[in-house]
Amino acid sequence: MAIGRRSIMAGGAALWVGGSGIGGPAILRAQTSSKVNVGHGMAMHGEPKYLAGATTPDYVNPAAPKGGSVKFGTQGTFDSLHPFILKGVPATGISALWESLCWHARDEAFTVYGLIAETIEWPDDRAWVAFNLRPEAKWHDGTPITPEDVIFSLEILKTKGPPRYASYYADVLKVEKTGPAKVLFTFREGVNRELPLIISELPILPSKWWAGRDFEKVSLEPALGSGAYKVDSFDVGRSITYRRVADWWAKDLWMNRGRNNFEIMRYEYYRDAEVVFEAFKAGETDVRRENSGRNWMTRYDIPAIKDGRIRRDEIEHEMPQPMQGFVFNLRNDMFKDRRVREAIGLMYDFEWQNKNLSYGFFKRTRSYFGNSELEAKGLPSPEELKILEPLRGRIPDEVFTAEYNPPVTDGSGNTREQARKAIGLLKAAGWEIKDGKMTGKAGKKLAFELLLNEAGFERMALPFKQNLERIGVDMSVRTVDTSQYRRRTDGYDFEMIIDLWGQSLSPGNEQREFWGSKSADKPGGRNTMGIKDGAIDQLVELVISAPDRESLIMRTRALDRVLQWHQYLIPQFRSGKELVAYWNRFSRPAKIAKYAPLAYDTWWVDEAKDRALQRGETK
């Protein structure tokens, strides 16, 4: 039992309930639990790494100086300072104005520590969770954050926020105030060990500020916040500046020492990715996270790199790699047949692209949980087979017989063999080439549009388009602005897009939003593929209900295998490193957070380097 956490035996549960207005089901669950745990933190599995009385996270420099400014470049536009609705395009960074009940450590798979909440209470079966709010937790106007704010936040986000909130919090049966500074969440019957941690990350919004305002309306008035920064100024669609709150209520908490160091953070908006890059090279922005292998290998041969005024870092990390790919919209009949999806995927020549466009920098993505112990490799283990066998006949047969890997070419650009296989698959699915076009039985041509919101992706898409033309498939490529792209993707008005899914080392509720049948038709959801599959729903629920780390790993691997073999997307690439370039006026902690290698909130302006840079020197 960790220091700073105590156990109260079941006999004490009634004392904790103690006339606080908790309903019958909550009392029953509390009494049937072996004990009630009270702690400063809570881990998904095992115990929190940081004990009560910790002074600072290991990957933070507690002596980092405050002050100075940083400018980031971003692409697109914004027309809203309200990030909690589907309407509008919110400004980059705006969500950081509101704190959550707990803080998520970046060097643990999934552990949270009290932030707005001072302590957390929960039974062993995690049928409910209670948060005791800190008396010092304040809004920027100095008024306290209250249980009423917490209750309001859950209810308004579930009913009027983006669909993901209703999905994440679907199993919250009830939320109520059970003391002057205590809030209790009671959960629906079932096993979801992650739900108390998911609830702890609920953004807390000011109920009094929203009273009399329309929550569902796009707004350029920033709501009252509680975070380390507030909006200082903005120019709609062009820039937004945040200023550190000098008397921020949480600045002296242990997890915040050495964090949030910049006095000013500014985001400059540019029309496309090329202009963002040029602005960085010209010194108009300070930091650039690079996602182009070609750029990284060929376009930093500039004087500022050679003389040290700009630094380039390749940072190894232990994060699961996102699955990124060309995504089929299964809501379109042409993509419902897996053979059609597989045939189209055969014509994406990753090896040629990587060699000729990215200088061999990337690796092919193959897993939805890549670069982690959750990734499915080889054939299913005996533990996985126990999970998968009951689904036999409802999932692809290959799940049991072969390791999934995307098709491989020799990189020469000759896709004749891939074309032969693709044509065979399409013929088996009822398509044939007529007058040079792949044609269905009703005379309909196999043609679709790839919708993009960044012109940089066209370099990757156009060779793919040319390969598809060789088998009579027409793929048009259309690039639109950020607002139009968001409207179309929120309403699933597309045939193919490029999308990605980031994963944590502790997958849970979000898997429903990614792959669950109920999320497929919710506007603005993350199930962009449109998956509606009962077997996948079952696997998702098994992941969510995993009682321990080992079972979570086995269940996630089983889910990964099924997603892989359904071929809902055409996997693209990953690097396994974070690539960052920055003007040499910053320092960052020597130790890197395992699961957040950039962690800009731990950087600071180094005065000596800054002065040297201004003089045209290096430090």
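The values are calculated or read from the model by the stated rules, or taken from the named source; none is laboratory data. The structure presented is a predicted model; accordingly, all values stated were derived computationally and were not measured. Note that we place each Cβ from the backbone using ideal geometry, even for glycine, and neighbour counts take in every protein chain shown.
What number of residues in region 527-552 are under 22 Å from residue 106 (Cβ atoms) and surrounded by fewer than 21 Cβ atoms within 10 Å (Cβ to Cβ)?
Total meeting the criteria: 1.
Of the conditions (1) at pLDDT 95 or above; (2) assigned to a loop (DSSP other than H, G, I, E, B); (3) not aromatic (Phe, Trp, Tyr), residue 462 fails just one. Which one is it?
Only one criterion in (1) at pLDDT 95 or above; (2) assigned to a loop (DSSP other than H, G, I, E, B); (3) not aromatic (Phe, Trp, Tyr) is unmet by residue 462, namely (2).
Looking at region 173-181, can you tell me whether even one residue there is buried (at least 23 other Cβ atoms within 10 Å of the Cβ), of a type in the set (A, V, I, L, M) and touching a residue at least 40 places away in the same chain (Cβ under 8 Å)? If you could, list the steps in order and put the result at the bottom.
In the first step, residues of region 173-181 are kept if they are buried (at least 23 other Cβ atoms within 10 Å of the Cβ); the result is none.
No, there is no match, as no residue in region 173-181 is buried (at least 23 other Cβ atoms within 10 Å of the Cβ), of a type in the set (A, V, I, L, M) and touching a residue at least 40 places away in the same chain (Cβ under 8 Å).
When both residues are 6+ apart or on different chains and their Cβ atoms are under 8 Å apart, which pairs have a first residue that lies in region 436-454 and is not assigned by TED's automatic domain parsing to the domain that holds residue 464 and assigned to a loop (DSSP other than H, G, I, E, B), and a second that is modelled with pLDDT under 95 and surrounded by fewer than 16 Cβ atoms within 10 Å (Cβ to Cβ)?
Short answer, once both residue conditions are applied: none.
Quick one: which of 514, 573 is at pLDDT 95 or above, crowded, with 18+ Cβ neighbours inside 10 Å and out of contact with any Asp or Glu (no Cβ under 8 Å at 6 or more places or on another chain)?
Working: 573 fails: at pLDDT 95 or above.
Unique residue meeting the criteria: 514.
Residues of region 77-103 being surrounded by 21 or more Cβ atoms within 10 Å (Cβ to Cβ) and among the aliphatic types (A, V, I, L, M), which ones?
91, 94, 97, 101
Would you confirm whether any residue within region 353-367 is hydrophobic (A, V, I, L, M, F, W, C) and at pLDDT 95 or above?
First, pick out the residues of region 353-367 that are hydrophobic (A, V, I, L, M, F, W, C): 357, 361-362.
Now restrict to residues that are at pLDDT 95 or above: none.
No, the conditions are met nowhere in region 353-367.
Residue-wise test of (1) within 30 Å of residue 391 (Cα to Cα); (2) within 21 Å of the chain's Cα centre (by Cα); (3) not polar (S, T, N, Q).
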position: 506; (1), (2), (3): yes, yes, no
position: 510; (1), (2), (3): yes, yes, yes
position: 525; (1), (2), (3): yes, yes, yes
position: 528; (1), (2), (3): yes, yes, no
position: 535; (1), (2), (3): yes, no, yes
position: 551; (1), (2), (3): yes, no, no
position: 570; (1), (2), (3): yes, yes, yes
position: 588; (1), (2), (3): no, no, yes
position: 599; (1), (2), (3): no, yes, yes
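Considering only region 379-402, how many residues are under 28 Å from the mean Cα position of the chain (by Cα) and in a helix (DSSP H, G or I)? Spell out how you get there, then give the answer.
Just the residues of region 379-402 that are under 28 Å from the mean Cα position of the chain (by Cα), to begin with: 380, 384, 387-388, 395-396, 399.
Still in the list and also in a helix (DSSP H, G or I): 384, 387-388, 399.
Counting residues in region 379-402 that are under 28 Å from the mean Cα position of the chain (by Cα) and in a helix (DSSP H, G or I) gives 4.
Can you tell me which residue within region 182-206, out of those that are surrounded by 18 or more Cβ atoms within 10 Å (Cβ to Cβ) and more than 19 Å from residue 125 (Cβ to Cβ), is farthest from the chain's Cα centre (by Cα)?
Looking at the filtered set, the residue picked out is 182.
Only residues in region 94-114 that are among the small types (Gly, Ala, Ser) count as the first member; pair them with residues that are in a loop (DSSP other than H, G, I, E, B), Cβ under 6 angstrom, at least 6 apart or cross-chain, and list the lot.
95/83; 96/227; 100/201; 100/202; 109/505; 109/506; 114/40
When you scan region 133-170, how many residues do you find that are surrounded by 20 or more Cβ atoms within 10 Å (Cβ to Cβ) and in a strand (DSSP E or B)?
Final tally of qualifying residues: 1.
Restricting attention to region 182-197, which residues are without any contact (Cβ under 8 Å) to a residue 40 or more places away in the chain and in a strand (DSSP E or B)?
Our first condition is that a residue be without any contact (Cβ under 8 Å) to a residue 40 or more places away in the chain; within region 182-197, this holds for 188-189.
Selection gives nothing.
Would you confirm whether any residue within region 385-404 is among the aromatic types (Phe, Trp, Tyr) and farther than 19 Å from residue 515 by Cβ?
So the first thing to find is which residues in region 385-404 are among the aromatic types (Phe, Trp, Tyr), and the list is 400, 404.
Checking which are farther than 19 Å from residue 515 by Cβ leaves us with 400.
The answer is yes, given that some residue of region 385-404 is among the aromatic types (Phe, Trp, Tyr) and farther than 19 Å from residue 515 by Cβ.
Given the conditions (1) surrounded by fewer than 20 Cβ atoms within 10 Å (Cβ to Cβ); (2) outside any loop (DSSP other than H, G, I, E, B), report the number of the one that residue 598 does not fulfil.
The single condition residue 598 does not satisfy is (2).
Given (1) over 19 Å from the mean Cα position of the chain (by Cα); (2) closer than 23 Å to residue 285 by Cβ, identify the lone condition not met by residue 577.
It fails just one condition, (1).
In this structure, does residue 383 turn out to be modelled with pLDDT of 95 or more, among the acidic types (Asp, Glu) and touching a Phe, Trp or Tyr at 6+ places or on another chain (Cβ under 8 Å)? Please lay out each step first, then the result.
Details: modelled with pLDDT of 95 or more: yes; among the acidic types (Asp, Glu): yes; touching a Phe, Trp or Tyr at 6+ places or on another chain (Cβ under 8 Å): no.
Judged against the criteria, residue 383 is not a match.
Quick grid of which residues meet (1) under 28 Å from residue 516 (Cα atoms); (2) at pLDDT 95 or above; (3) touching a Cys at 6+ places or on another chain (Cβ under 7 Å):
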site: 113; (1), (2), (3): no, yes, yes
site: 119; (1), (2), (3): no, yes, no
site: 146; (1), (2), (3): no, yes, no
site: 151; (1), (2), (3): yes, yes, no
site: 182; (1), (2), (3): no, yes, no
site: 188; (1), (2), (3): yes, no, no
site: 198; (1), (2), (3): yes, no, no
site: 215; (1), (2), (3): yes, yes, no
site: 223; (1), (2), (3): no, yes, no
